[in-house]
Amino acid sequence: MRGHYEIDFMSPCADKSADAIVKYYWHNGDFVLHVTDAGFSSTAEKVLEHIKYHYATHGRIDHLVITHDDQDHASGARVILENFRVDNLWINTPWTFTQELLPKFDSYSSDVRLFGRLRSDYSDLAQAQDAAIKQGTKIHLAFAGTQIGAFTVLSPTREFFLQMVLGSRKTPRSSFAGVRMNLPQSLAAPAGFAPATVGVRPAHEILYGVSNKKLVSAAWGEELFSPEHTEPDNELSIVQFADFAGHRVLLTADAGRRGLLGALLFARARGIDVSALRVFQAPHHGSRRNVDAGILNAWLGPITPPPMYWDQMPQRWAMISAAENDPDHPRKAIVRALAHRGYRPVTQKGADWVRFYNENITTFHGSPLSMLAYPQSHEAN
Ligand SMILES: [Zn+2]
């Protein structure tokens, strides 16, 4: 039997995309309140309000996961920790590995100095750690294989994490800087697909902003991703997966092609069934640098013929956390690629919070559900 679950995606502030996901679910005989990312410090209050309104009787956050040190994910953590009881904080702090990293940074010979440098390079994580220590919150690392409530961490592995810290633009120059450029090619070329004439009925008016990016029209199944990869610091993102009795959920944060490939290989090696996801969080607010056709084929399946209507499609949702007035997120290429694989692209644009739960999907305070219409064009490279 499927236990109850609720997965709520915060609608970010008006201009800047951000992530905060509040999850409440039945697991091993108890309810668990599990928060992934806390948005900006300016939106943390919104997360707290949501928690106090819906989960006041629970009285605590069992798990707070900060996926990586980006302001739009991590800077709200301190505010949450200082204003609500948090039992466990899950963060991967690079300075924990100072001894191991020291020989790889040419310009550093003192572990004390490198420790300080890494703490200032990843200052939002450092602030979260300090606040957690003050509040008596337990602090844990969260590498692939770690179990956090109902969720399993699929990426990063410890090795991949250290490699990406060395490749980061934030950290000092490293003699191992080769990792900056050492990027795998995509898994496979996009499957060719004959242009079709059947359209997809928009479920909600088009909510795209006006981006400066040049657009070219494209038929169903045609795909174009950025030739560039996302930053190594995004690849540090903690990727979490849960299976609520067949309702499989993947939370990607800002992970890129390398992190998502690693996550898939880790799941396969462990025999974890990650097929037919119910909820897929499109990484990095729907950016074109974080996925390609090969990664999406591997995670979501190949390109399918166009559906006549969205509501005939299975309940598979692609959640894209994007702010109302963010003209560049999500990218049209990403909305198209998700639809090509039978996933219905949803965003909070125009909504308040978006909730996925056992039966369906809903929004709060009477706001409409913003399903993204299928774009007839995508960004030119
Ligand atoms: Zn982000």
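Determine, yes or no, whether VAL112 is of a type in the set (Val, Ile, Thr) and surrounded by 17 or more Cβ atoms within 10 Å (Cβ to Cβ). Taking the combined requirement at face value, the residue does not satisfy it. None of VAL279, VAL335, VAL354, VAL291 is among the hydrophobic types (A, V, I, L, M, F, W, C) and over 27 Å from PRO232 (Cβ atoms) except VAL354. For region 340-373, the set of residues classified as part of a loop (DSSP other than H, G, I, E, B), touching a Lys or Arg at 6+ places or on another chain (Cβ under 8 Å) and over 13 Å from PRO330 (Cβ atoms) consists of GLY342, ASN358, PHE364, listed by residue number. Within region 333-353, the residues that satisfy the criterion of being in contact with a Pro (Cβ under 7 Å, 6 or more places away or on another chain) and of a type in the set (Gly, Ala, Ser) are ALA339, GLY342, GLY350, ALA351.
Filtered by the rule that a residue be part of a strand (DSSP E or B) and surrounded by fewer than 21 Cβ atoms within 10 Å (Cβ to Cβ), region 271-284 gives no residues.
So for region 285-298 (the condition being buried (at least 16 other Cβ atoms within 10 Å of the Cβ), assigned to a loop (DSSP other than H, G, I, E, B), β-branched (Val, Ile, Thr) and in contact (Cβ under 8 Å) with a residue 60 or more places away in the chain), does at least one residue qualify? Within region 285-298, one or more residues are buried (at least 16 other Cβ atoms within 10 Å of the Cβ), assigned to a loop (DSSP other than H, G, I, E, B), β-branched (Val, Ile, Thr) and in contact (Cβ under 8 Å) with a residue 60 or more places away in the chain. Taking (1) among the hydrophobic types (A, V, I, L, M, F, W, C); (2) touching a strand residue (DSSP E or B) at 6+ places or on another chain (Cβ under 8 Å); (3) assigned to a loop (DSSP other than H, G, I, E, B) in turn, ILE334 satisfies each apart from (3). Evaluation of ILE295 against the conditions (1) of a type in the set (A, V, I, L, M, F, W, C); (2) touching a Ser or Thr at 6+ places or on another chain (Cβ under 8 Å); (3) within 16 Å of the ligand (Cβ to nearest atom) shows that the sole unmet condition is (3).
Residue count for region 223-270, restricted to those that are touching a His at 6+ places or on another chain (Cβ under 7 Å), of a type outside the set (Lys, Arg), part of a helix (DSSP H, G or I) and within 19 Å of ILE320 (Cα to Cα): 1. For region 3-28, the set of residues classified as under 12 Å from VAL47 (Cα atoms) and among the β-branched types (Val, Ile, Thr) consists of ILE21, VAL22, listed by residue number.
The set of residues from region 123-149 being assigned to a loop (DSSP other than H, G, I, E, B) and either over 17 Å from the mean Cα position of the chain (by Cα) or of a type in the set (Val, Ile, Thr) (or both) comprises GLY136, THR137, LEU141, GLY145, THR146, GLY149.
Candidates are the residues of region 298-315 that are out of contact with any Lys or Arg (no Cβ under 9 Å at 6 or more places or on another chain) and either under 21 Å from GLU379 (Cα atoms) or modelled with pLDDT of 95 or more (or both); the one that is nearest to the ligand (Cβ to nearest atom) is ALA298. The residues on offer are ALA253, ALA263, and the sole one that is within 16 Å of the ligand (Cβ to nearest atom), within 27 Å of PRO227 (Cβ to Cβ), of a type in the set (A, V, I, L, M) and in contact (Cβ under 8 Å) with a residue 40 or more places away in the chain is ALA253.
Here ARG268 passes the criteria (1) more than 16 Å from the ligand (Cβ to nearest atom); (2) touching a residue at least 24 places away in the same chain (Cβ under 8 Å); (3) of a type outside the set (Gly, Ala, Ser); (4) more than 24 Å from TYR25 (Cα to Cα) except the one numbered (2).
Applying the selection to region 319-344, what residues are aliphatic (A, V, I, L, M) and within 16 Å of the ligand (Cβ to nearest atom)? The answer is MET319, ILE320, ALA322, ALA323, ILE334.
The values are calculated or read from the model by the stated rules, or taken from the named source; none is laboratory data. Not measured: the values here are computed from a predicted model. As a convention, Cβ positions derive from the backbone with ideal geometry for all residues, glycine included, and neighbour counts pool all protein chains shown.
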